[in-house]
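J.: Let me give you the structure first, and then I'll get to my questions.
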């Protein structure tokens, strides 16, 4: 099997790079995004395509997240490196159905805007590359596009509340 590389286009995010980094480097925010209520709303918006969107049993903490995708199975992701405020490296957990690494690169443009790029490395044999290669390229771009829709200010406040609770214990 060969390692395949898929890169998103560079996207502009209308948030300060430190706020974006602080939010994305703590996976707790994903619990809200993937709550059952939000998942139901997303499926309604997807209409006929909702059957293809089967994320279940989602859990996350600061460094890890786990979820089940039918028919693939349970996937675990860990943050393994943080380079504040410019990069986050995530890897899939050993034993999962898919091995991959994702890099999130964040570069400031000015005080209120940054650019972001996602890079996915995954092991695929030639047959799998032919079957899913274009979908992975499309998916990594869709993930980068989705980052522009995240309410980073709300996430930053939520993460600050988590830190305040931790410090008061």
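The values are calculated or read from the model by the stated rules, or taken from the named source; none is laboratory data. Predicted model only: the values in this text are computed from it and were never measured. Note that each Cβ is placed from the backbone with ideal geometry, even for glycine, and that neighbours are counted across all protein chains shown.
J.: For region 109-127, what are the residues that are buried (at least 16 other Cβ atoms within 10 Å of the Cβ) and more than 14 Å from residue 88 (Cβ to Cβ)?
T.: If the condition is that a residue be buried (at least 16 other Cβ atoms within 10 Å of the Cβ) and more than 14 Å from residue 88 (Cβ to Cβ), then 122, 124 are the ones that fit.
J.: Just to be sure I understand, how many residues within region 46-104 are more than 16 Å from the chain's Cα centre (by Cα) and modelled with pLDDT of 95 or more?
T.: Residues flagged as more than 16 Å from the chain's Cα centre (by Cα) and modelled with pLDDT of 95 or more within region 46-104 amount to 3.
J.: How many of the residues in region 82-99 are closer than 27 Å to residue 129 by Cα and in contact (Cβ under 8 Å) with a residue 40 or more places away in the chain?
T.: Within region 82-99, residues that are closer than 27 Å to residue 129 by Cα and in contact (Cβ under 8 Å) with a residue 40 or more places away in the chain number 1.
J.: Further question on the same structure: Looking only at region 14-23, which residues are crowded, with 21+ Cβ neighbours inside 10 Å and in contact with a strand residue (DSSP E or B) (Cβ under 6 Å, 6 or more places away or on another chain)?
T.: 17, 20, 21, listed by residue number.
J.: Turning to a different aspect of this structure: For region 129-144, state whether one or more residues are farther than 26 Å from residue 4 by Cα, surrounded by fewer than 17 Cβ atoms within 10 Å (Cβ to Cβ) and either touching a strand residue (DSSP E or B) at 6+ places or on another chain (Cβ under 8 Å) or modelled with pLDDT under 80 (or both).
T.: Step one: list which residues in region 129-144 are farther than 26 Å from residue 4 by Cα, which gives none.
No.
J.: Go through region 17-32 and give me each residue that's in contact (Cβ under 8 Å) with a residue 60 or more places away in the chain and either touching a helix residue (DSSP H, G or I) at 6+ places or on another chain (Cβ under 7 Å) or in a helix (DSSP H, G or I) (or both). Steps first, please.
T.: First, the residues of region 17-32 that are in contact (Cβ under 8 Å) with a residue 60 or more places away in the chain: 17-26, 28-29, 32.
17, 18, 19, 20, 21, 22, 23, 24, 26, 28, 29, 32 - these are the residues of region 17-32 that are in contact (Cβ under 8 Å) with a residue 60 or more places away in the chain and either touching a helix residue (DSSP H, G or I) at 6+ places or on another chain (Cβ under 7 Å) or in a helix (DSSP H, G or I) (or both).
J.: Now, a different point. Here is a list: 106, 102, 79. Which entry is surrounded by 17 or more Cβ atoms within 10 Å (Cβ to Cβ) and free of Cβ contacts under 8 Å to residues at least 40 places away in the same chain? Quick ask: steps written out before the conclusion?
T.: Working: 106 fails: free of Cβ contacts under 8 Å to residues at least 40 places away in the same chain; 79 fails: free of Cβ contacts under 8 Å to residues at least 40 places away in the same chain.
After ruling out the rest, the residue left standing is 102.
J.: Among the residues of region 1-16, write down those that are outside any loop (DSSP other than H, G, I, E, B) and over 12 Å from residue 148 (Cβ atoms).
T.: Applying the first criterion (outside any loop (DSSP other than H, G, I, E, B)) to region 1-16 yields 2-7, 11-13.
Residues satisfying the conditions are 2, 3, 4, 5, 6, 7.
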